[in-house]
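**Q** Input: one structure, supplied below.
No lab work stands behind these numbers, since they all come straight from the coordinates. Computed from a predicted model, the values in this text were never measured in an experiment. Using ideal geometry, Cβ is built from the backbone for each residue, glycine included, and neighbour counts are taken over all protein chains shown.
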Amino acid sequence: MIPELGLFSLVLAGSLSLFAALIGLSGTRNVLLQRSVVSMTMGQFALALLSFSALVWSFATDDFSVAYVANNSNSLMPWYYKVSATWGGHEGSFLLWILIMSGWMLALTMRGHQYPTSFFTKVLGIMALLNLGFICFSLFTSNPFIRLIPMTPLDGADLNPLLQDFGLIVHPPLLYMGYVGLAVPFAFAVAGLLEGQVDSAWARWSRTWTNMAWAFLTAGITLGSWWAYYELGWGGWWFWDPVENASFMPWLAATALVHSLSVTEKRGTFKSWTLLLAITGFSFSLLGAFIVRSGVLTSVHSFAVDPERGMYILIFLALVVGGSLTLYALRAGQNSTQVAYNFLSREFFMLINNLILIVSLAVVLWGTMAPIGYEAITGGRISIGTPFFNKFFVPLGLLLAIALAILPLLNWKRTKVEALRPAAISLVTAAVFAVFIWFVLDPTSVVVASAVGLGAWVVLSHSVDLFKRLRKGTTLPMAYIGMTLAHLGFSVCIIGIAITATQSEESDVRMAPQDSVMLAKQRVTFLGVVDAQGPNYSAQQGVFLVEPESAGNYELRAEKRRYFAGNNVMTEAGIQAGLLADTYVSLGEPLTDGAWAIRLHYKPLVRWVWLGALLMALGGFVAIFDRRYSSSRVRQSKMTAKAQTKVHGESQGESQSATTPVSAQT
Amino acid sequence: MSRASLFVPLGIFLSILALGYVGFSLDARNQLPSALLNKPFPEFSATSLLQPDVKITKAELLGRPVLVNVWATWCPTCKSEHEQLMRIAAETDVLMVGVDYKDIPERAVQWLEQYGNPYDYVLDDRDGSLGIELGVYGAPETFLLNAAGEVVYKRVGDINVRIWESELLPRFQALEIEMRGQSGPGR
Amino acid sequence: MGSAGRKFYSISVAVFFAGCLSLLMLGSGVASAESQIDIYPFADEAEERRYKSLTEEFRCPKCLNTNLAGSDAPIAKDLRQTVYRLQVDEGYSDQQIRDYLRERYGDFVLYDPPFSAQTWYIWLTPIGLGILALAILGRLLGRARKQAPVALSDDDLGRIATLLEEK
């Protein structure tokens, strides 16, 4: 009964989205119809929530008459994994996607009063159209509510043990919040093009939503990388796998968008570019969905292969992205602003930033899709992996860091060279630090030292700027704090990446009980193996004593588990997580004489990679607090603007809205 | 931005779309093309499975078209292609060479006795080293060699009637004609 | 955003990040899939590192996009053994090992695509894009510099004064 209720709610949500799309995009001036779009949007959310809850209910109550539940669950699983198994497979994860899309639409309705009605109605219409496409995809090709009656299995096939993990609980929802959230700036862009009005106000409206979606996407990708690290057991945290690239590409576009929007808001320029980025961001989200769910690219992470689904997504992609890019090509040239700026200006460095990010995006796209083209043209097969991407991303990352370090000192339009003196001082300090690092670590590569040095330079130059402002006593806008946090996060991240990629140590050794081995200034002693038991598995647990040279001793345990359902054998690593390094131990096969094959890792600064990224996400979330985006201010400014226009007889066209404070920086 | 340049993103997108579409029509993802295509079969020296004191080298494979079939007792698909291999052995005079890949020799001998032996030679590759020379990564895999010992075709997967008739048989017949042409009037 | 909304938002952000932070600092008791650990003796750490980096560079021919280091498949184990043998027993250089595997398994098995007559554009296209980006940068800068600044009329100046006063 409940699954049918779920299916029915989904169908109803689909019809609501159909009407909302039709009315929303019709451009009607009728106030009642416009308001109806808002109520239909709220209704969509309620129904999507109902549908999703029905699926969760089926999992929670072990309803194996639902095929999707039977394929992805098992009665022996702990309840929290049963719930998260809802999005462990293709059909359910796509229902989550729909729920989140409806959620973003609901959030829009709550803040919609601050936007012009006709514009806002179009935004909701576009979102509804997208949601309609998603719902139809789900209903026609990926229905999660298909029943297995009368052949109901007694128990489910069990969720892949790799997914029976905390990572599954957090990573997909956060990631989808980001992926789907990019639909909001997309809708803003398309609505703006349809309305024919794209200006600084439009940019200011878009910024909140973009920052939020970007922050979620950053957090989602970070948690995914962290999950892969401890889950896959060989110390890697990024593999340039097509599915990972599928999430990285929208992130790169969104980062460029976040920066470009700031320029469009403050200076009114880069408009067509910003519009293009807004369209691109969500397009890559859709492309990502295509890559992950169609089977066109081989990946360990992709869902079950189904060309029919892939074809549907491809067609959807063609219509949505093709349509919006055509609209862009036809309308974007209409109100462009030409603005003057120098080499030493914020605009130009934002441009540099954007170009570096777009080139990076192009490299990832090329590396991901080129093997298909190669096979189509020559019939041969090639692989493009980590070594290829590293060769491009190392120089690109370093260039970005250089631009980033100079940025806080730049004014809009032009900066006097003297103003850059603090940057030079920070640079010298950072360079000395870099040489010191190079000397101490004795690495084979100058690149590591440069990366650390540049990261330090970014930190220094931002800190110096922060101190200057605090000393002057001006209140710091939240957007500025957000920016500083995000840039600091970026430096922490690249320092972490540089160090962990080159200074890690790893050994595979044979250890009998009481044997010990040195791992980077720590003595690791193997104490032996004990038996252990879990809710749905039995295990052999290896116990290790680790004695670092300078710090307290600790114990690490690593397991080999055998899961009852499906008889899978999985190894569990024992990880000692530290701010400065991770120590990692895992069990291989038992060898002769009670000895075991043991893998030991020492990974310095690996946590900095994720902590840095998390700091970036925090920066994004914090920036939304900025008072300039608060709706009460906007209402006030709208009223003042109306008064102004009456007094002076004409508005200023596409320049900044009347009461935005004029500031030289940020 | 000029009018035309605004259409560039659309153009780029359409090419990505085309690429995605093309991806669908591509052949089975798990079939790697052979690196040995049109190259000489590697030199080797392997023990015969059925006569462990006899060594077989590449010399034995020269002078006529050869079908080299990589198989094992642990491979269920090999069992299903076995019947077709027996038929090929009976109906044609291609030299059949089996490579018993990463297997237990006693089990393999028993298997051949039980189900029949279509091969003229069976090579014992219990450690998979010959397989690595051939770029083998699973079983069954089959190579077709010409009289000069060059690889003209590789099949990853089983030999069934369809594959035999559409891929292997035409090539084998072409090789025979070529061979006969060489050894015909010229001699 | 009303002030109640801001409070709710800031608390949720804080809780969320506190949660993420504690999570990221968590360690033990988490799953990994690989159970194949090969024990090979190495003369020194540099040799072991070389072996590791080589096995990460090659693709397992049978798997869904995994390198030799991370794969459980029997063929991956065999190939790791081959790399070890070539590196340690036969003293091959890195490039010789790559060539060896490429001769037998084709370009597919290299994650670092070779630069050959068939694959040159794989490398040159992104490089070309980078150069294009630089060219665009240069052109945009040139145009921006040439823009004559728009002179403000008295009317505009008056309006600006009024607005600043109102603030």
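**Q** How would A:Phe145, C:Phe58 line up from fewest to most surrounding beta-carbon atoms within 10 angstrom? Working shown, then result.
**A** Values: A:Phe145 24, C:Phe58 28.
In increasing order of surrounding Cβ atoms, one gets A:Phe145, C:Phe58.
**Q** Moving on to the next point. Kindly give the semi-axes, whole Å and largest first, of the ellipsoid equivalent to chain A, taking each as the square root of 5 times a Cα gyration tensor eigenvalue.
**A** Values: eigenvalues 372, 268, 84 Å².
After scaling each eigenvalue by five and taking roots: 43, 37, 21 Å.
**Q** Oh, and also: Where Rh denotes the Kirkwood radius from the mean inverse Cα pair distance, what is Rg over Rh for chain C?
**A** Working: Rg = 29.5 Å, Rh = 22.9 Å.
On the Cα set of chain C, Rg over Rh gives 1.29.
**Q** Tell me, which cysteines of chain C are without a disulfide-compatible partner by the Cβ under 4.7 Å rule?
**A** C:Cys20 - these cysteines have no disulfide-compatible partner (Cβ-Cβ under 4.7 Å) in chain C.
**Q** Treating only the Cα positions of segment A:527-599 as identical point scatterers, give the base-10 log of I(q)/I(0) from the Debye formula at each q in 0.15, 0.21, 0.24, 0.26 Å⁻¹.
**A** One equal scatterer on each Cα of segment A:527-599 leads to -0.56, -0.94, -1.10, -1.19.
**Q** Arrange A:Glu375, B:Glu150 by Cβ neighbour counts within 10 Å, fewest through most, would you? Don't skip to the end; give the middle numbers.
**A** Numbers: A:Glu375 19, B:Glu150 14.
Least crowded to most crowded, the residues run B:Glu150, A:Glu375.
**Q** Here's something else I'd like to know. Relative contact order, percent, of segment C:62-166 when contacts are C-alpha pairs under 8 Å separated by at least 6 residues?
**A** Details: 28 pairs, mean separation 8.7, N = 105.
Across segment C:62-166, relative contact order equals 8 percent.
**Q** A follow-up question, please. Return the inverse of the average 1/r over all pairs of distinct C-alpha atoms in segment A:1-101, which is the Kirkwood hydrodynamic radius, in Å to one decimal.
**A** Working: mean 1/r = 0.0685 Å⁻¹.
Every distinct Cα pair counted, the radius reaches 14.6 Å.
**Q** Ok, one more. In percent, what relative contact order does segment A:1-159 have, based on Cα pairs under 8 Å that are 6 or more apart in sequence? Write out the running numbers ahead of the final one.
**A** Working: 243 pairs, mean separation 61.3, N = 159.
That works out to 39 percent.
**Q** If you don't mind, another one. Within segment A:379-461, which trypsin sites (Lys or Arg not before Pro) sit in a loop by DSSP and count at most 14 neighbouring Cβ atoms inside 10 Å?
**A** Working: sites: A:Arg381, A:Lys391, A:Lys413, A:Arg414, A:Lys416; in loops: A:Arg381, A:Lys413, A:Arg414, A:Lys416.
Passing both the DSSP loop test and the Cβ count: A:Lys416.
**Q** Okay, next question. Using θ = phi - 60° and the Karplus form 6.51 cos²θ - 1.76 cosθ + 1.60, what ³J(HN,Hα) does each residue of segment C:12-24 get, whole Hz, x for Gly and Pro?
**A** 5, 4, 4, 4, 4, 6, 4, x, 4, 4, 5, 4, 5
**Q** While we're looking at this one, here's another question. List the lysines whose Cα sits under 22 Å from the Cα of A:Lys521, skipping any in the same chain fewer than 8 residues away.
**A** By straight Cα distance, A:Lys521 reaches A:Lys603, C:Lys52.
**Q** Using the number of other C-beta atoms within 10 angstrom as an exposure proxy, rank C:Ser93, A:Ser84, A:Ser463 with the fewest first.
**A** C:Ser93, A:Ser463, A:Ser84
**Q** Next question, about the same structure. If you build the Cα gyration tensor of segment A:221-356 and take the root of 5 times each eigenvalue, what three semi-axes come out, in whole angstrom, biggest first?
**A** On the way: eigenvalues 225, 97, 13 Å².
Its equivalent ellipsoid spans semi-axes of 34, 22, 8 Å.
**Q** With a Förster radius of 51 Å, plug the Cβ-Cβ distance of B:Met86 and B:Lys39 into 1/(1 + (r/R0)^6) and report the FRET value to the nearest 0.05. Working shown, then result.
**A** Working: r = 30 Å, r/R0 = 0.58.
The computed FRET efficiency comes out at 0.95.
**Q** Moving on. Count neighbours as other Cβ atoms within 10 Å of each site's Cβ, and list the chymotrypsin sites (Phe, Trp or Tyr not before Pro) in segment C:67-153 that are DSSP loop with at most 14 such neighbours. Present the calculation step by step, with values, prior to reporting the outcome.
**A** Numbers: sites: C:Tyr84, C:Tyr92, C:Tyr100, C:Tyr105, C:Phe108, C:Tyr111, C:Phe115, C:Trp120, C:Tyr121, C:Trp123; in loops: C:Tyr92, C:Tyr111, C:Phe115.
Of the chymotrypsin sites (Phe, Trp or Tyr not before Pro), the ones in loops of segment C:67-153 whose Cβ has at most 14 other Cβ atoms within 10 Å are C:Phe115.
**Q** Right, something else. Please work out whether segment A:11-165 counts as rounded, prolate or oblate from its C-alpha gyration tensor, where a ≥ b ≥ c are the square roots of the eigenvalues and a/c under 1.5 means rounded, while otherwise a/b larger than b/c means prolate and anything else oblate?
**A** On the way: a/c = 3.39, a/b = 2.51, b/c = 1.35.
It is prolate, given that a/c is not under 1.5 and a/b is the larger ratio.
**Q** Taking only the C-alpha atoms, wrap a convex hull around segment A:111-192 and report its volume per residue in Å³ as a whole number. Spell out each step's value before the answer.
**A** Values: hull volume 12.2 nm³, N = 82.
With only Cα atoms used, segment A:111-192 gives 149 Å³ per residue.
**Q** Using amide H atoms built in the peptide plane, which far-off residues or other-chain residues are under 5 Å from B:Gly157 H to H?
**A** For B:Gly157, the qualifying residues are B:Glu141, B:Thr142.
**Q** Based on the Cα atoms of segment A:368-421, what semi-axes does the equivalent ellipsoid have, where each is the square root of 5 times one gyration tensor eigenvalue, given in whole Å with the largest first? Numbers along the way, then the final one.
**A** Numbers: eigenvalues 358, 29, 7 Å².
They are 42, 12, 6 Å, listed largest first.
**Q** Show the residues, 5+ positions off or on another chain, whose built amide H is closer than 5 Å to the amide H of A:Leu591.
**A** Residues meeting the criterion, in which the H sits 1.01 Å from N, are A:Trp596, A:Ala597.
**Q** Multiplying the sequence separation of B:Leu50 and B:Ile12 by 0.36 nm and subtracting their Cα-Cα distance, what value in nm do you get?
**A** Numbers: separation 38, 0.36 × 38 = 13.68 nm, distance 6.02 nm.
This chain segment gains 7.7 nm when fully extended.
**Q** Students often get this wrong, so check it: of B:Lys102/C:Lys62; A:Lys271/A:Lys416; A:Lys271/A:Lys468; A:Lys266/C:Lys7, which have C-alpha atoms separated by over 24 Å?
**A** Working: B:Lys102/C:Lys62 16 Å; A:Lys271/A:Lys416 26 Å; A:Lys271/A:Lys468 32 Å; A:Lys266/C:Lys7 28 Å.
In this structure, A:Lys271/A:Lys416; A:Lys271/A:Lys468; A:Lys266/C:Lys7 exceed 24 Å between Cα atoms.
**Q** Say a paramagnetic label sat at a point 7 Å from the Cα of C:Leu23, along Cα to Cβ; which residues of segment A:208-229 have their backbone N under 15 Å from it?
**A** A:215-229
**Q** Per residue of segment A:479-492, in order, report the coupling 6.51 cos²θ - 1.76 cosθ + 1.60 (Karplus, θ = phi - 60°) as ³J(HN,Hα) in whole Hz, putting x for Gly and Pro.
**A** Residue by residue, segment A:479-492 yields 5, 5, 4, x, 4, 4, 4, 5, 5, 4, x, 4, 5, 4 Hz.
**Q** Quickly estimate the mean residue ellipticity at 222 nm for chain A, helices only: each DSSP H run with n ≥ 4 gives -39500 (n - 2.57), and the total goes over all residues, rounded to 500.
**A** Values: 19 runs with 415 residues, N = 666.
After summing the helix terms and dividing by residue count, I get -21500 deg cm²/dmol.
**Q** 7 Å from Cα along Cα→Cβ at both C:Trp123 and C:Tyr40: what's the point-to-point distance in nm?
**A** 2.6
**Q** State the Cα centre-to-centre distance between segment A:548-563 and segment B:58-112 in whole Å.
**A** Their Cα centres are 50 Å away from one another.
**Q** Largest first and to the nearest Å, give the Cα extent of chain B along each principal axis.
**A** Principal axes ranked by extent give 79, 47, 30 Å for the Cα atoms.
**Q** I would also like to ask the following. Enumerate the calculated ³J(HN,Hα) couplings along segment A:428-437 in order (Karplus 6.51 cos²θ - 1.76 cosθ + 1.60, θ = phi - 60°), each rounded to whole Hz, writing x wherever the residue is Gly or Pro.
**A** 4, 4, 5, 5, 4, 4, 5, 5, 4, 4
**Q** Within segment C:101-131, which residues have the backbone N less than 14 Å from the label spot 7 Å out from A:Asn390 along Cα→beta-carbon, could you tell me?
**A** The answer is C:111-113.
**Q** Can you grab the distance from the C-alpha centre of segment A:56-83 to the C-alpha centre of segment C:114-129, Å, no decimals?
**A** Between the Cα centre of segment A:56-83 and that of segment C:114-129, the gap is 49 Å.
**Q** Along its principal axes, what span do the Cα atoms of segment C:63-142 show, with the longest given first and each in whole Å?
**A** Principal extents (largest minus smallest coordinate, Cα): 59, 27, 22 Å.
**Q** Between A:Cys136 and C:Asp72, with labels modelled 7 Å along Cα→Cβ, what's the label distance in nm to one decimal, could you check?
**A** It is 4.2 nm.
**Q** How about segment B:14-110: which trypsin sites (Lys or Arg not before Pro) there lie in a loop by DSSP and see at most 15 other Cβ atoms within 10 Å?
**A** Listed in order of number, the matching sites are B:Arg29.
**Q** I would also like to ask the following. Once you list every other residue whose beta carbon is under 14 Å from the beta carbon of C:Arg145, what net charge do they have if Lys and Arg are +1 and Asp and Glu are -1?
**A** My count for the surroundings of C:Arg145 gives +4.
**Q** Compute log10 of I(q)/I(0) for segment C:45-109 with the Debye formula, placing one identical point scatterer on every Cα and leaving out solvent, at q = 0.18, 0.26, 0.28 Å⁻¹, to two decimals.
**A** Debye output, listed in q order: -0.58, -1.20, -1.35.
**Q** Using a Debye calculation, one point per C-alpha and no hydration shell, please list log10 I(q)/I(0) for segment B:103-163 at q = 0.18, 0.25 Å⁻¹ in order.
**A** -0.85, -1.34
**Q** Given H placed on each backbone N at 1.01 Å, which residues far from A:Gly528 in sequence or on other chains put an amide H within less than 5 Å of it?
**A** Under 5 Å from the amide H of A:Gly528 lie the amide H atoms of A:Gln514, A:Val543, each far enough along the sequence or on another chain.
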